[in-house]
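Since the structure comes first, as structure tokens, the remarks are kept for the end.
The values are calculated or read from the model by the stated rules, or taken from the named source; none is laboratory data. This structure is a prediction, so every number in the text was calculated from the model and none was measured. So basically every Cβ, Gly included, is an ideal-geometry build from the backbone, and we count neighbours across all protein chains shown. Ligands, DNA and RNA are excluded from the accessible area calculation, which covers all protein heavy atoms including side chains. Shrake-Rupley method; radii C 1.70, N 1.55, O 1.52, S 1.80 Å.
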Amino acid sequence: MSNPRNGDTKPPCLPRNGLVKIPTQPNGLGSASITKGTPAVKNRLCQPSSVPAILSPALAHRSDLPIPSLASPLSLAALAGVSSPPGSSLVGLNTSEGSEQPSPERLPGSPSERQLAVDEKILNRLFWYFSACEKCVLAQVCKAWRRVLYQPKFWVGLTPVLHTKELYNVLPGGEKEFVSLQGFAVRGFDGFCLVGVSDLDICEFIDNYPLSKKGVKSMSLKRSTITDAGLEVMLEQMQGVVRLELSGCNDFTEAGLWSSLNARITALSVSDCINVADDAIAAISQLLPNLTELNLQAYHVTDTALAYFTAKQGYTTHTLRLNSCWEITNHGVVNMVHSLPNLSVLSLSGCSKVTDDGVELVAENLRKLRSLDLSWCPRITDMALEYIACDLHKLEELVLDRCVRITDTGLSYLSTMSSLRSLYLRWCCQVQDFGLKHLLSMGSLRLLSLAGCPLLTTTGLSGLVQLQELEELELTNCPGATPELFKYFSQHLPCCMVIE
């Protein structure tokens, strides 16, 4: 990441899942990353840091201050605050006696400037203007800066992502030593994502992270070899976990869920785990009475499973995401709307057997919906949009990506929805300029995605300047989006972020 204050190029965009990836280290520690909790600000984080004018001009423009370039690579040691291994060239990692970290007295400049550089009141204000990745670098400058930055308030909503190789240091004799996670504890991280770990790695993590027993509220395991036994030990030992994610974990079975799931869990996400089928949903429905959110990607879950939810869950569950559940049909939708009538967020993305009749059931029975995702549902037509417009009066977000049968007629139905704020029409190949005219009356729209719509022309897109309240417009892979059009938007939609 380049330093925007030096006139370099601005830092790269975050991926849409909010993942901040820190480059791989040459010292063998690998890479550490941090997950941003709110992906809605994904593109705004691409902008250079806006540093307030609270430093003196002399200090703000000093090129000789010992501030490492924000392009510097970071290791797990930097993020966790542990000593760097021998030979590391990173700045300020070693906090032991004899460290080369500059003290306030050794900073260049006048005494007043040196004092200003370590004034905690100023630093507490200044550091809010940096991204998580930049904070990791700034914490290496000196102990005074680290002391300020390692306050939990600067890390709220962030989740460290640790890969297996980052959890161990190789000692001179070849043995492996689990890294110190004290730096994470100081910053108060209450959620972790572990990638590629085994049962033993998880046990080591529990033993070495001071907050693991009751302080960790969220755990995510991805592409890991955790077994039924490991899952049971983890949830038994980590009594504070209320949010659990299992992604790409193919070694645990449905029996492991029956023996491990605890009633304290309120949010569960299971995706791309080959042993998950209807019996897993039975375990979830029986063992998690306080479930508020369920995210499920399972190719073998059938309509029957959606009838397993209890009356208690029908009251508490407000979010259900069924992604690429290929066996779910309209009969499953019937079971779902009767079992979970209080849903406010629903995704049927990739449920390719659901048709307009299924959407009609959703619209008639789930009137509290605020977000609906029907992306990659090829059987959805304009008729489904009519049902949505007639009944879902509280809907704020609608995702129709790859719904290839949607036409301009469907957009005319949506134009009557006064509450709709976000509309995604990526790769809707039949939408034309005439359909865009229907959207121009939707003053509530704040986000509109037309990425990959091949029939939209420059003339039709230029009319979008009438949506003066628009905050984000995505035109990626849109043939009608020309350089001249982007310049036109910059002049007439100055407050809108246009994604090329």
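What accessible area per residue, rounded to a whole number of Å², is obtained for the stretch 421-499 using a probe radius of 1.4 Å?
Values: 3500 Å² over 79 residues.
Heavy-atom accessible area per residue stands at 44 Å².
Between beta-carbons, use under 13 Å as the cut-off and find the net charge around Leu470, counting Lys and Arg +1, Asp and Glu -1. Show your work: numbers first, answer last.
Values: positive: Arg421, Arg446; negative: Glu469, Glu471, Glu472, Glu474.
Local net charge: -2.
Of the peptides 205-213, 135-143, 177-185, how do they stack up when ordered by the mean number of other Cβ atoms within 10 Å, highest first?
So the peptides 205-213, 135-143, 177-185, ranked by packing, come out 135-143, 177-185, 205-213.
Can you tell me what share of the DSSP beta bridges in the stretch 165-223 is antiparallel? A percent to the nearest 5 is fine. Working shown, then result.
On the way: 3 of 8 bridges.
Just about 40 percent of them are antiparallel.
Just want to confirm a number: the relative contact order over the stretch 191-267, from Cα pairs under 8 angstrom separated by 6+ residues, in percent.
Normalised by residue count, the contact order of the stretch 191-267 is 33 percent.
Sum up the charges of everything whose Cβ sits under 9 Å from the Cβ of Leu149, counting Lys and Arg as +1 and Asp and Glu as -1, but leave Leu149 out. It would help to have the intermediate numbers written out before the result.
Working: positive: Lys135, Arg146, Arg147, Arg187; negative: none.
My count for the surroundings of Leu149 gives +4.
Please give the net charge around Ile284, taking every other residue with its beta carbon less than 15 angstrom from that of Ile284, where Lys and Arg add +1 and Asp and Glu add -1. Walk me through the numbers on the way to the answer.
Details: positive: Arg243, Arg264, Lys312, Arg321; negative: Glu245, Glu254, Asp278, Asp279, Glu293.
Summing Lys/Arg as +1 and Asp/Glu as -1 gives -1.
Taking a ≥ b ≥ c as the square roots of the eigenvalues of the Cα gyration tensor of the stretch 113-152, is the shape rounded (a/c under 1.5), prolate (a/b larger than b/c) or oblate? Intermediate values should be presented prior to the final figure.
Details: a/c = 1.70, a/b = 1.43, b/c = 1.19.
Prolate, because a/c is 1.5 or more and a/b exceeds b/c.
May I ask you to order 385-393, 461-469 by the average number of other C-beta atoms within 10 Å around their residues, highest value first?
Numbers: 385-393: 19.6, 461-469: 16.9.
Most protected by this proxy first, the peptides run 385-393, 461-469.
Compute the accessible area per residue over the stretch 212-366, keeping the other protein chains in place, probe 1.4 Å, unit Å². Intermediate values should be presented prior to the final figure.
Working: 5710 Å² over 155 residues.
So the stretch 212-366 comes to 37 Å² accessible per residue, rounded to a whole number.
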